[in-house]
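Notes follow the structure.
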Amino acid sequence: MGKLFSELGPEHVAFIEKQRMFFVASAPLAGEGHVNLSPKGYDAFRILSAAEVAYLDLTGSGNETSAHVQENGRITLMFMAMEGAPMILRLYGKGSVYLPGSPDWERLRPRFPDIPGARQIVAVQLHAVKTSCGFSVPYYSYDGDRDTLKEWAARKSDDALAAYRREKNAVSMDGLTIPLVSDALE
């Protein structure tokens, strides 16, 4: 049975802190647009308060979440138990994207470890927290992080990462323009 909460409680915080992976879902306003669902790993998630969370977003092959959040703010984060007692925890809210050099980036960035390829911080003001059973989620064990993304980003210069973002991260698959750090600094 699912339960609905207006903010994170201590039991939710304890659950989140045990998870090694979470998922981010977003969608454009256009009905024919694509719903995006992205898995996230590393030590990149932070609970800022009972009503606000954030994650450090890394350079990747797409930037759909940023496009959707900047267009309409809608975002859902999901955590699920793969070990121990079953549970699914969803965080519903309004997102904001903070680019390097912005005051909010400077305020939040020290909360996260240095991870090569950090491109933006996505913060979420929560309006609902929902738990559900997770009875059908199989058990999986955590064997470690994949270092592939970190190694890829560490081999690139700042200019090469900026060029990659301009090529791969500036327009969503639905044609939404996505502000990048180079835009914000101009």
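Could you go through the range 63-86 and let me know if any residue there is at pLDDT 95 or above, within 17 Å of the chain's Cα centre (by Cα) and assigned to a loop (DSSP other than H, G, I, E, B). Yes; the residues of the range 63-86 include at least one that is at pLDDT 95 or above, within 17 Å of the chain's Cα centre (by Cα) and assigned to a loop (DSSP other than H, G, I, E, B). Residues that are out of contact with any helix residue (DSSP H, G or I) (no Cβ under 8 Å at 6 or more places or on another chain) and over 19 Å from Phe112 (Cα atoms) were ranked within the range 34-60; the one that is surrounded by the most Cβ atoms within 10 Å (Cβ to Cβ) is Leu37. One residue stands out among those in the range 90-126 that are within 27 Å of Leu180 (Cβ to Cβ) and of a type in the set (D, E, K, R): the one that is surrounded by the fewest Cβ atoms within 10 Å (Cβ to Cβ), which is Asp114. State yes or no: is Val129 touching a residue at least 24 places away in the same chain (Cβ under 8 Å), touching a helix residue (DSSP H, G or I) at 6+ places or on another chain (Cβ under 9 Å), surrounded by 11 or more Cβ atoms within 10 Å (Cβ to Cβ) and not small (Gly, Ala, Ser)? For Val129, the condition - touching a residue at least 24 places away in the same chain (Cβ under 8 Å), touching a helix residue (DSSP H, G or I) at 6+ places or on another chain (Cβ under 9 Å), surrounded by 11 or more Cβ atoms within 10 Å (Cβ to Cβ) and not small (Gly, Ala, Ser) - is met.
Number of residues in the range 158-179 that are within 16 Å of Pro100 (Cα to Cα) and part of a loop (DSSP other than H, G, I, E, B): the value is 4.
Within the range 137-186, the set of residues being free of Cβ contacts under 8 Å to residues at least 24 places away in the same chain and closer than 30 Å to Met87 by Cα comprises Asp143, Gly144, Asp147, Thr148. Checking each residue in the range 61-89 for being among the hydroxyl-bearing types (Ser, Thr, Tyr) and either farther than 30 Å from Val171 by Cα or surrounded by fewer than 18 Cβ atoms within 10 Å (Cβ to Cβ) (or both) picks out only Ser61.
Restricting attention to the range 1-25, the residues being part of a strand (DSSP E or B) and surrounded by fewer than 17 Cβ atoms within 10 Å (Cβ to Cβ) number 4. Annotation note: Cβ proximity below 9 Å between a residue of the range 28-54 that is assigned to a strand (DSSP E or B) and a residue that is surrounded by 18 or more Cβ atoms within 10 Å (Cβ to Cβ) and of a type in the set (D, E, K, R) (sequence gap 6+ or interchain) occurs for Asn36/Glu64; Ser38/Glu64; Lys40/Asp57.
Filtering the range 138-158 to residues that are surrounded by 11 or more Cβ atoms within 10 Å (Cβ to Cβ), at pLDDT 95 or above and not charged (D, E, K, R) leaves Leu149, Trp152, Ala153, Ala154. Could you check, for the range 110-126, whether at least one of its residues is of a type in the set (Val, Ile, Thr), in contact with a Lys or Arg (Cβ under 9 Å, 6 or more places away or on another chain) and over 15 Å from Ala51 (Cα atoms)? Yes: one or more hits.
Here's the yes/no breakdown for (1) of a type in the set (Lys, Arg); (2) closer than 18 Å to Arg46 by Cα; (3) under 19 Å from the mean Cα position of the chain (by Cα):
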site	(1), (2), (3)
Val122	no, yes, yes
Leu126	no, yes, yes
Cys133	no, no, no
Pro138	no, no, no
Tyr142	no, no, no
Asp145	no, yes, yes
Thr148	no, no, yes
Arg155	yes, no, no
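The values are calculated or read from the model by the stated rules, or taken from the named source; none is laboratory data. Because the structure is a prediction, the values reported are computed rather than measured. Cβ atoms come from the backbone with ideal geometry, glycine included; neighbour counts cover every protein chain shown.
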